[in-house]
Amino acid sequence: MADERAWFSPADVSALRMEKTPATVPNAAGVVRFGRQTTVMTLATIYLVALALRLIPLILFPSINYLDEIYQTVEQAHRLVFGYGALPWEFEFGARSWLLPGFLAGLMKVGSWFGSDPTYYLNFIHLTLAAIAASVCICSYLWGQRFFGSWGGVVAAALPALWPDAVYFAGRTLNECVAAPLLVIAAYLIEPGYRIDSRRRLMVAGALLGLAIALRLQLAPAAAVIMLWTALDARRQRLLAIAVGLGVTLAFAGGLDAVTWSYPFESVWRNIVYNTNYGVSAYFGTEPWYFYGELLLQYWRPFVVIIPLLAVIGASRVPTLVFSAVTLLVAHSVIAHKEPRFIYPAILLLIVAAGLGMAWLVTRIAQTRHSSLRRCIVIFVSFTVLSSGALAVSAPYRELWQRGHDMVEAALYVSRLDSVCGIGVWRSLAAYTYFHRPVPYYWTDNPMKFESYLPGFNTMIAEGPAPTAVGYTVSRCFGKICVAQRTGPCEATPMPKTQIPAPLAGASPG
């Protein structure tokens, strides 16, 4: 049963509805709630700060967390919008949905209206995704405000706004990163901290849960926890509205597969078959069940204990956040193929719950020690800023920030060069999304193959010295990756075929 003190009293509601509200309105329990204008300004400030932080690793210091961030999403969007791009095996074998690439294609098209340079559509995509991700901080503030007053809302929003994982992963074009904030928003719409029986709101929550599942099937256990929790507390009738919203979204995702592939949910079925029957996921590597625990210890250090403790405290107000996070962590721990990005939704849920736990702790200390609430808030928020900043510049996070940065800068540099008739890439990675030129593209780390491709390109992106690259002049280097060009035309040379995982060798794409 939700705590009665979590709901607005009639006095609170009437005060917030006044045409001219004072800056703060204390309720009967002495909990301070901001007036309408102050609340709006506070929310806007929190949101804009969170948004600005999330744009730093995306626009000011672009990097790549994982290859799927490019080849499975924006590169396919580039194929849709501009008609050319690299084709990974997943889209040759029908193992991926066009849901996220299609959405990104729309953003890419709009972004391209502002200019021909790829940074226009890339920045527009990242801005949109970061804006969605930053909305989690609004949910955190509103939760904290309901339970602990407006100052408690500020504290609750501080942790998800500043935590380095939430900043780094927020606007990335990875399915789990796009889906993670949807889980939090859905949880808030279902359990905002006060009684609500709006069917429309519950249907929207269900639609968001369905969208999260459609983006990444492995999030279904967390969505089920969030969805079924509302069936408790003698309010099972709310479950129907959520189920309707979820069903509509999943029906759309299935219909999209039927249109873009052959039948509903074909991408889901093929993905499961290829990863289980053929062992494709195991081919890309397996890890022990404790991998994620070691990973969090490596990145979070002492906070690997502090964050869960705060999250447990926060679970006393919104249990679904912690229950769904633990469900995801357990589910992903028993799957052999593990990648750090897979558990980002669980991390975000824990961070939001920990923010609520910190808000409880602040207000509790202020009440029991008769201290100034504002002074306690300043201390805790300052500690959050310093802790998040210290982690962000630690060695593990610095590696994340730098991962793929030189490649991105080199590819964008190539997009602005003249007389590019073909592009060769040696031991690096690149994509049409960045160099944005309808010319042949050759990638290899095999010296013999590289030599055979040489006539087909006059522009090279190379990590380290390339073999037998005679006649090239280095134009510019970005870290260990250099861009070089030669004079003369490009000869017609067959481009390399899509690399198919060894377990699928001989399998038919159809």
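The values are calculated or read from the model by the stated rules, or taken from the named source; none is laboratory data. Only a predicted model underlies this, so the values are computations on that prediction, with no experimental measurement involved. When we count neighbours, we look across all protein chains shown, and the Cβ atoms used for this are built from the backbone with ideal geometry, even at glycine.
Remarks
- Hits in the stretch 301-325 (condition: crowded, with 16+ Cβ neighbours inside 10 Å and either over 19 Å from Ser140 (Cβ atoms) or not aliphatic (A, V, I, L, M) (or both)): Phe303, Pro308, Gly314, Arg317, Pro319, Thr320, Phe323, Ser324
- Answer residue from the stretch 326-347, given it is in contact with a Ser or Thr (Cβ under 9 Å, 6 or more places away or on another chain) and surrounded by fewer than 18 Cβ atoms within 10 Å (Cβ to Cβ) and is nearest to Arg146 (Cα to Cα) among those: Ile335
- When we screen Ala186, Ala156, Ala133, Ala161 for residues that are among the small types (Gly, Ala, Ser), within 26 Å of Ala77 (Cα to Cα), touching a residue at least 12 places away in the same chain (Cβ under 8 Å) and surrounded by 24 or more Cβ atoms within 10 Å (Cβ to Cβ), the only hit is Ala133.
- Filter pass, Arg369 being surrounded by fewer than 24 Cβ atoms within 10 Å (Cβ to Cβ) and over 26 Å from the mean Cα position of the chain (by Cα): yes
- Here the condition is being buried (at least 19 other Cβ atoms within 10 Å of the Cβ) and not in a helix (DSSP H, G or I); of Gly210, Gly193, Gly206, it holds for Gly193 alone.
- Against the numbered list (1) in contact with a helix residue (DSSP H, G or I) (Cβ under 7 Å, 6 or more places away or on another chain); (2) modelled with pLDDT of 95 or more; (3) surrounded by fewer than 21 Cβ atoms within 10 Å (Cβ to Cβ), Ser281 comes up short only at (2).
- There is at least one residue in the stretch 340-356 that is of a type in the set (D, E, K, R) and in a helix (DSSP H, G or I).
- Within the stretch 468-510, tally of residues that are among the polar types (S, T, N, Q) and exposed (fewer than 13 other Cβ atoms within 10 Å of the Cβ): 5
- Those residues of the stretch 257-267 which are surrounded by fewer than 19 Cβ atoms within 10 Å (Cβ to Cβ) and assigned to a helix (DSSP H, G or I), in sequence order: Ala258, Val259, Thr260, Glu266
- Residue count for the stretch 470-500, restricted to those that are outside any strand (DSSP E or B) and closer than 16 Å to Tyr441 by Cα: 12.
- Hey, Arg216 modelled with pLDDT of 95 or more and not small (Gly, Ala, Ser) or not: yes
- Filtered residues of the stretch 264-274 (kept if closer than 11 Å to Gly94 by Cα and free of Cβ contacts under 8 Å to residues at least 40 places away in the same chain): Phe265, Trp269
- Matching residues in the stretch 79-108 - criterion: being part of a helix (DSSP H, G or I), in contact with a Pro (Cβ under 9 Å, 6 or more places away or on another chain) and not aromatic (Phe, Trp, Tyr): Arg79, Leu80, Glu92
- When the criteria are applied in full, Leu239 fails the requirement of being assigned to a helix (DSSP H, G or I) and closer than 24 Å to Tyr344 by Cα.
- In the stretch 217-236, the residues that are without any contact (Cβ under 8 Å) to a residue 60 or more places away in the chain and in a loop (DSSP other than H, G, I, E, B): Thr230, Ala231, Leu232, Ala234, Arg235, Arg236
Condition check ((1) modelled with pLDDT of 95 or more; (2) among the aromatic types (Phe, Trp, Tyr); (3) in contact with a strand residue (DSSP E or B) (Cβ under 9 Å, 6 or more places away or on another chain)) across all residues:
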{"position": "Phe148", "(1), (2), (3)": "no, yes, no"}
{"position": "Cys177", "(1), (2), (3)": "yes, no, no"}
{"position": "Pro181", "(1), (2), (3)": "yes, no, no"}
{"position": "Ala186", "(1), (2), (3)": "yes, no, no"}
{"position": "Pro192", "(1), (2), (3)": "no, no, no"}
{"position": "Val204", "(1), (2), (3)": "yes, no, no"}
{"position": "Leu209", "(1), (2), (3)": "yes, no, no"}
